[in-house]
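Visitor: What follows is a structure written as structure tokens; I'll ask about it next.
The values are calculated or read from the model by the stated rules, or taken from the named source; none is laboratory data. All of these numbers come straight from a predicted model, not from anything done at the bench. No Cβ is skipped: glycine too gets one built from the backbone with ideal geometry, and neighbour counts run over all protein chains shown. Please note that ligands, DNA and RNA were not included when accessible areas were found on the heavy atoms of the full protein model with its side chains. Shrake-Rupley method; radii C 1.70, N 1.55, O 1.52, S 1.80 Å.
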Amino acid sequence: MEKIKLDIIGLSSSHAQSGSFALVLGESEGGRRLPIIIGMFEAQAIAIEIEKITPNRPMTHDLFKSFAGHFEIDIKEILISDLKEGVFFAKIVCVDGNGKKVEIDARPSDAIAIGIRFEAEIYTNAAVMEEAGIVVTDEFEEELDTLSSPEDDPKKESKSKGIKKHSVEELNRLLDKALAEEDYEKAAQLRDELNRRN
């Protein structure tokens, strides 16, 4: 199966889900983005390692690295392996001291937090990228006013209702605008709605 190498593009806080973050992965050789909504603690674990901050006490993912190192286990790669009903699945590809390869199921957020501590490369497959990847473009025609949060305007419908009332063509235009504005959380919501309709 063809693997697609991914890079971490960034982390941004989620406006829709308090305490959640959008982890944005991008193709190393291509223009598509893969936004994944993750929890606050996993986002913190990823950000700390990216910024090379050393916490006072080891975090869970640091403990995993130390544990693996003592038993001569190396992490070779992280694979975002599947997408089912809007939920991403991942595998941590390990090699032990004897050269035996093992794949361990994990949440993508944990897998990536661990993988970056081992400087492991991140991959996905063509099926996941085709279903959930978003192509970044500069063109857009329509405002995202129906997607503004109820806190901004109590008279507006909820985001989900605002998304659902649009046609597929309108959703694609809104997706283009969200990507142009680098609002990957909105882009992920629009992508998920488009996937539900296909």
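Table: residues versus (1) hydrophobic (A, V, I, L, M, F, W, C); (2) outside any strand (DSSP E or B); (3) out of contact with any His (no Cβ under 6 Å at 6 or more places or on another chain).
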{"site": "LYS5", "(1), (2), (3)": "no, no, yes"}
{"site": "ILE9", "(1), (2), (3)": "yes, no, yes"}
{"site": "SER12", "(1), (2), (3)": "no, no, yes"}
{"site": "LEU23", "(1), (2), (3)": "yes, no, yes"}
{"site": "GLY26", "(1), (2), (3)": "no, no, yes"}
{"site": "ILE37", "(1), (2), (3)": "yes, no, yes"}
{"site": "ALA45", "(1), (2), (3)": "yes, yes, no"}
{"site": "ILE48", "(1), (2), (3)": "yes, yes, yes"}
{"site": "ASN56", "(1), (2), (3)": "no, yes, yes"}
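Visitor: Something else about it: Against the definition (open to solvent by less than 40 Å² (accessible area, probe 1.4 Å), of a type in the set (A, V, I, L, M) and either under 17 Å from the mean Cα position of the chain (by Cα) or closer than 13 Å to ILE116 by Cα (or both)), how does ILE50 come out, yes or no? Don't jump to the end; show me each part of the working.
Guide: Numbers: open to solvent by less than 40 Å² (accessible area, probe 1.4 Å): no; of a type in the set (A, V, I, L, M): yes; either under 17 Å from the mean Cα position of the chain (by Cα) or closer than 13 Å to ILE116 by Cα (or both): yes.
Answer is no for this residue.
Visitor: Something else now. Out of (1) open to solvent by less than 10 Å² (accessible area, probe 1.4 Å); (2) at pLDDT below 90, what's the single condition that is false for ALA111?
Guide: (2)
Visitor: Can you pull out the residues in the stretch 91-111 that are under 10 Å from ILE122 (Cα atoms) and small (Gly, Ala, Ser)?
Guide: ALA111
Visitor: Of the residues ASP152, ASP192, which single one is open to solvent by 10 Å² or more (accessible area, probe 1.4 Å) and modelled with pLDDT under 65? Spell out how you get there, then give the answer.
Guide: Numbers: ASP192 fails: modelled with pLDDT under 65.
Just a single option satisfies the conditions, and that option is ASP152.
Visitor: Report, by residue number, each residue of the stretch 49-68 that is within 29 Å of ILE4 (Cβ to Cβ) and modelled with pLDDT of 90 or more.
Guide: Selection gives GLU49, THR60, HIS61, ASP62, PHE64, LYS65, ALA68.
Visitor: In the stretch 13-48, what residues are touching an Asp or Glu at 6+ places or on another chain (Cβ under 7 Å), hydroxyl-bearing (Ser, Thr, Tyr) and modelled with pLDDT under 90?
Guide: SER14
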